[in-house]
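Enquirer: One structure is given below, represented as structure tokens, and several questions about it will come after.
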């Protein structure tokens with residue numbers, strides 16, 4: 001019985017994109033799931049999921065995912081990896097991305113955060129939109145920081161310094 005591949009050569013090693021939480025230079029949040037190989041070209045492809053709207057899965061050449069270039073008139077990375085333990089919380093898109101990422105990470109470890117810890121804080125429903133001192137959003141982000149700290153502790157994630 002032959003154990004070689006159909007074309008009798010081993011594909012080159014993958015240069016993996018580390019799984020984690022990433023932000024695109026245009027502002028969208030994504031979660032890298034894995035690095036996979038294209039069956040036709042054997043090219044390394046980054047498999048990632050949008051952390052907004054329909055949460056769809058996407059694939060992009062790994063080299064393109066990790067490239068730096070001139071985007072929106074600035075020399076910058078296409079995607080920047082963020083530590084979930086330290087990503088600044090101050091907008092709804094980041095909050096949703098963080099919660100979704102930590103819940104997915106927990107499920108990959110067979111942990112249901114809502115029962116092992118507690119559900120994340122509910123979104124405020126009473127904001128008047130006037131930017132009041134002591135706005136309900138300030139309380140929400142404070143509660144979310146505490147939930148994140150507890151979730152990261154449970155998942156044994158620590159801030160990278």
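What follows draws every value from the coordinates through simple rules; no lab data is involved. Since we're looking at a predicted model, the values are computed, not measured. Note that we place each Cβ from the backbone using ideal geometry, even for glycine, and neighbour counts take in every protein chain shown.
Enquirer: So how far apart, in nm, are the two label points at residue 57 and residue 123 if each is 7 Å from Cα heading toward Cβ?
Expert: 2.6 nm
Enquirer: Within 10 Å of each residue's Cβ, count the other Cβ atoms and sort 66, 39, 108 from fewest upward.
Expert: Ranking 66, 39, 108 by Cβ neighbours within 10 Å, fewest first, gives 39, 108, 66.
Enquirer: Now, a different point. Ranked highest first by average number of other Cβ atoms within 10 Å, how do 54-64, 95-105 line up?
Expert: 95-105, 54-64
Enquirer: Using a ≥ b ≥ c from the Cα gyration tensor of region 92-154 (square roots of the eigenvalues), is it rounded, prolate or oblate, where a/c under 1.5 gives rounded and otherwise the larger of a/b and b/c decides, a/b for prolate?
Expert: Prolate, since a/c reaches 1.5 and a/b exceeds b/c.
Enquirer: Using Cβ counts within 10 Å as a stand-in for footprinting exposure, how do 70, 51 rank, fewest first?
Expert: With the sparsest Cβ surroundings first, the list reads 70, 51.
Enquirer: Could I ask something else about it? Can you match Cα extents along the principal axes in Å to one of these, [x] 38, 31, 27; [y] 68, 44, 33; [z] 64, 43, 31, based on a calculation from the structure here?
Expert: Step by step, Cα extents along the principal axes in Å for this structure corresponds to label [y].
Enquirer: How large is the helix-only mean residue ellipticity at 222 nm for the chain, computed as the sum of -39500 (n - 2.57) over DSSP H runs with n ≥ 4, divided by its residue count, in deg cm²/dmol to the nearest 500?
Expert: -8500 deg cm²/dmol
Enquirer: May I pose another question? To the nearest 10 degrees, how steep is helix 136-154 against the longest Cα principal axis of the chain, on a 0 to 90 scale?
Expert: 50 degrees
Enquirer: Put a dot 7 Å past each Cα toward the Cβ at residue 24 and residue 76; how far apart are the dots in nm?
Expert: 1.4 nm
Enquirer: Helix 92-108 against the longest principal axis of the chain: what's the angle in degrees, Cα atoms only, rounded to the nearest 10?
Expert: For 92-108 against the chain, the angle is about 60 degrees.
Enquirer: State, as an integer percentage, the relative contact order of region 18-161 based on alpha-carbon contacts under 8 Å between residues 6 or more apart.
Expert: The value is 19 percent.
Enquirer: OK, next. Taking R0 as 25 Å, what FRET efficiency do you get between residue 68 and residue 12 from their Cβ-Cβ distance, rounded to the nearest 0.05?
Expert: FRET efficiency, residue 68 to residue 12: 0.65.
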